[in-house]
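Each remark here refers to the structure printed beneath this line.
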Amino acid sequence: MNLMKISVLRSHEKALLRLLCLALFLCSTSLLQAQIVSNDKFKQEDKFRQLEETLPTPNEFRTASGAPGEKYWQQEVDYEIDVELDDKLQKIVGTEKVTYTNKSPDKLNYLWMQLDTNILSFDSDAHLTDTSSHLGKVGYKTMQQLMAKETFDGRMKVSAVRDEQGDPLPFQIIKTMMRIDLNGSLSSGQSMTFSVDWSYLINDSQSRPARTGYEYFEEDKNFLYEIAHWYPRMAAYTDNTGWQHKQFLGRGEFTLEFGSFLVKITAPADHVVAATGELQNPEKVLTETQQKRLEQAKTAKKPMFIITPEEAKKNEASRSKEKKTWIFMAPFVRDFAFASSRKFIWDAQGHELKGKEKPVMAMSYYPNEGEPLWSRYSTHAIIHTLDVFSKYTFPYPYPVAISVNGPVGGMEYPMICFNGPRPEKDGTYSKRTKYGLISVIIHEVGHNYFPMIVNSDERQWTWMDEGITTFLQFLTEQEWEPDYPSRRGEPRDIVGYMKGDYQVPIMTNSESILQFGNNAYGKPATALNILRETILGRELFDYAFKEYCRRWMFKRPTPADFFRTMEDASGVDLDWFWRGWFYTTDHTDLAVENVRQFLLETGDPYVDKVRRKKERDEEPESLSDIRNKSLPKRTDKFPELKDFYNEYDDLDVTDADRKKFEDQLKELKADEKKLLETQKYFYLIDLKNQGGLVMPVILKLTFDDDSSEMLRIPAEIWRLNNKSVSKLILTEKPLKNLILDPHRETADTQLSNNEFPRTISKSYFQLEKSKKSKNEMQKREEEQKKAAEKDKPKKESEKKE
Ligand SMILES: [Zn+2]
């Protein structure tokens, strides 16, 4: 069998499989709905049905209003960690003391920890179940990565787990999870302390890219480390999930508990370390100059260097044999990450935020390779993000906000994030790189709010942190400069995705999402933007959204808590909106099918009959009428054949008509008579919903005198019939045309049916000369000619030059 045929079969099979999946999905959703309620008569699903049957039942932990309940609880985990970064072996060696406080009402017999670096081993589920690779033209880098997946072993070696007395505790590692068995059980309200010793090899992010890793710089032989999920972390235990110990497959990120961290990081003495939290021993690890500059930066008006590009360049050549230990403290965070290198330039600026006593230190760490982009934009982008996000949520509660340039493209941790974009070697950069850098910093710094503080379950729902962050990223970008080229947020930018078939609802587990970026970032961000601009309006939305943030700051919200709070605080029933945008794959395609004018009959024959006569006379002549006109007629030849009816017009006003009208008027009351004089124009607008998603009907009406008017009809217009409705409107002036959604605020996927009357659509095409490629004989001839010319002895004149 030839290869071509295989690939054809495969794509055919894939299509079949896709269809099958789609059919199964449709079956299962209709089955689900059928269980709740069934209706074989009116063949339409109820798109305004309340979500109560779908959302979890409210309880004393989470109320029906979407707020934390009276008995809301969450566990607390405090860490003291000693870790060494081995720059020779690119290795992490650590020991941690974990204090776990059981605030749940339940008794626990075992604890679960996450060993997320285990995803970077050759037998990880992530690697074994990866189905995407297809071989065609393969880049060297891809091949390198393919090989590293098969060979690199980055899993954690856990050498000991001990209780407070130092006695070993039994434990079992199950892929990316570890169960620790307790001697007895941990009752509600009790805490326990235990320790874990571990080590692992850090991944080279060239060959084994991840949310953590090192970058090696060939020119100066230095490493730059961005270190995350580097210590055994407590898995979350919650009122709605119990232990969240779903295996780490790569996409569903982390579900973590809040607590305090005291972390001692030992690194080569010439490294600079950036980390979550506040540095506790600057006098031990920073030079006097650096300390002095840091102090100045607290009140600086612009970012200023703590380590200059020149100093960083000099530092690159250093090879200290000594070590230094950096001590960081971070209260009330859910995680801890750090970065370390000899190569770091470091700039900082203190930033005053409303509602905060001390300024936040916004800081950036980057190698010279990041210049000139990083010193220009990074710290500014951090501060701008803190300003705009704080405006819409709550004042940033942490003392520092850090952006680091290194091998990780864009990844967030509390107070610190890793961002990839860099200019070319010659210092120039594309538009894409510039805005890519500003946008990724806004996005990752923004994650401090979601999920680092509003602590949603990332392993279950990607949209709760990514969608909400992307939404606020859009608002933040638009306040950076006019017409900032945002990739996501505008309704028109999601249209292509919304009309496609290869998709699943937003309410899908992180690991099962098709088209990850569009599903979990773009669509929810756009939905929230539409909710803000079109459904609720800015005032109501901003109030409700802030309430959600206030309620769930440092707590653990679920999707239902978000949906319920937004309704509770806005006073608007949004179940149809959540149902349509979050639970289905419907898209917006509203259409104006027809517009019909209705004229009020006055009863006055001099008005009504005259008008009808005029209309009749204006009717087009039929083809036969035209052709028959010249034919000789019998009544012309014999005029005696003509009688009364040859002159009679039944639209002529008669005495009887006049009398009838006068009699009618006599019977009418004054206010009824007035109605007959109504000067309004009546139009019936026939609307169709072709995309399934119920959305407001936004109409721009243009009148005969070219004046116009907006008519905004809420989505509830579809509540009795979600496929087609007719809306009667009364206008003062005759209508010339109308446009549905003129500002493109509803992500309508088909604009051609939005205008009435329709207009001719326009697009462009190009003319091209056809190119004929040379055949093999011509190519050979050419080669021979070239070779002959090369061998030809040069002329005297040429030789001199
Ligand atoms: Zn993100």
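The values are calculated or read from the model by the stated rules, or taken from the named source; none is laboratory data. From a predicted model like this one, the values you see are computed outputs, not experimental measurements. Glycine also receives a Cβ, built like all others from the backbone with ideal geometry; neighbour counts cover every protein chain displayed. These area figures cover heavy atoms from the full protein model, side chains too; ligands, DNA and RNA do not enter into them. Shrake-Rupley method; radii C 1.70, N 1.55, O 1.52, S 1.80 Å.
Quick grid of which residues meet (1) basic (Lys, Arg); (2) more than 16 Å from Val610 (Cβ to Cβ); (3) modelled with pLDDT of 95 or more:
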{"site": "Lys637", "(1), (2), (3)": "yes, yes, yes"}
{"site": "Glu647", "(1), (2), (3)": "no, yes, no"}
{"site": "Asp650", "(1), (2), (3)": "no, no, no"}
{"site": "Lys666", "(1), (2), (3)": "yes, yes, no"}
{"site": "Lys673", "(1), (2), (3)": "yes, yes, no"}
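When the strands (runs of 3 or more DSSP E) confined to segment 111-207 are screened for residues that are in contact with a Cys (Cβ under 6 Å, 6 or more places away or on another chain) and surrounded by 16 or more Cβ atoms within 10 Å (Cβ to Cβ), none reaches at least 2 such residues. The set of residues in segment 366-391 being open to solvent by 10 Å² or more (accessible area, probe 1.4 Å) and hydroxyl-bearing (Ser, Thr, Tyr) consists of Ser375, Tyr377, Ser390.
Restricting attention to segment 236-259, which residues are more than 24 Å from Pro209 (Cα to Cα), buried (at least 18 other Cβ atoms within 10 Å of the Cβ) and hydroxyl-bearing (Ser, Thr, Tyr)? Scanning segment 236-259 gives Tyr237, Thr238.
Determine the pairs where a residue that is modelled with pLDDT under 95, located within segment 380-394, has a partner that is part of a helix (DSSP H, G or I) with Cβ atoms under 8 Å apart, the partner being 6 or more residues away or on another chain. Filtered contacts from segment 380-394: no entries. Mind listing whichever residues of segment 301-341 are open to solvent by 10 Å² or more (accessible area, probe 1.4 Å) and among the basic types (Lys, Arg)? Within segment 301-341, Lys301, Lys302, Lys313, Lys314, Arg319, Lys321, Lys323, Lys324 qualify. Taking the numbered list (1) under 21 Å from Ala267 (Cβ atoms); (2) of a type outside the set (Val, Ile, Thr); (3) over 34 Å from the mean Cα position of the chain (by Cα) in turn, Tyr214 passes all entries but (3).
For segment 696-714, indicate whether the set of residues that are within 22 Å of Leu599 (Cα to Cα), exposed (fewer than 11 other Cβ atoms within 10 Å of the Cβ) and within 40 Å of the chain's Cα centre (by Cα) is non-empty. Scanning segment 696-714, I find at least one residue that is within 22 Å of Leu599 (Cα to Cα), exposed (fewer than 11 other Cβ atoms within 10 Å of the Cβ) and within 40 Å of the chain's Cα centre (by Cα), so the answer is yes.
Note on segment 404-419: among residues that are in a loop (DSSP other than H, G, I, E, B) and open to solvent by less than 20 Å² (accessible area, probe 1.4 Å), the one that is nearest to Asn203 (Cα to Cα) is Val408.
Here is the figure for segment 506-540: residues that are acidic (Asp, Glu) and over 14 Å from Pro696 (Cβ atoms) total 2.
Candidates in segment 420-442 are the residues that are part of a helix (DSSP H, G or I) and in contact with a Phe, Trp or Tyr (Cβ under 9 Å, 6 or more places away or on another chain); of these, the one that is farthest from the ligand (Cβ to nearest atom) is Lys434.
I'd like to check something: does segment 93-108 contain any residue that is in a strand (DSSP E or B), touching a Leu at 6+ places or on another chain (Cβ under 7 Å) and of a type in the set (Lys, Arg)? No, segment 93-108 contains no residue that is in a strand (DSSP E or B), touching a Leu at 6+ places or on another chain (Cβ under 7 Å) and of a type in the set (Lys, Arg). Would you be able to tell me the number of residues in segment 571-627 that are open to solvent by less than 60 Å² (accessible area, probe 1.4 Å), touching a residue at least 40 places away in the same chain (Cβ under 8 Å) and basic (Lys, Arg)? Qualifying residue count for the region: 2. In segment 452-484, the qualifying residues are those that are out of contact with any Pro (no Cβ under 6 Å at 6 or more places or on another chain), assigned to a loop (DSSP other than H, G, I, E, B) and charged (D, E, K, R), and the one that is farthest from the ligand (Cβ to nearest atom) is Asp483.
Selection of first residues in segment 502-528 that are over 19 Å from Thr54 (Cβ atoms) and within 16 Å of the ligand (Cβ to nearest atom) and of second residues that are β-branched (Val, Ile, Thr) and not in a loop (DSSP other than H, G, I, E, B), restricted to Cβ pairs under 6 Å at least 6 apart or on distinct chains, gives the following pairs, ordered by first then second residue: Tyr521/Thr470; Gly522/Ile494; Ala525/Thr470; Thr526/Ile494. Here are Lys660, Lys642, Lys674: which of them is surrounded by 10 or more Cβ atoms within 10 Å (Cβ to Cβ) and closer than 30 Å to Leu738 by Cβ? Checking each option against the conditions leaves just Lys674. When Glu511, Glu479 are checked against the criterion of being of a type in the set (Asp, Glu), more than 15 Å from the chain's Cα centre (by Cα) and open to solvent by 60 Å² or more (accessible area, probe 1.4 Å), Glu479 stands alone in meeting it.
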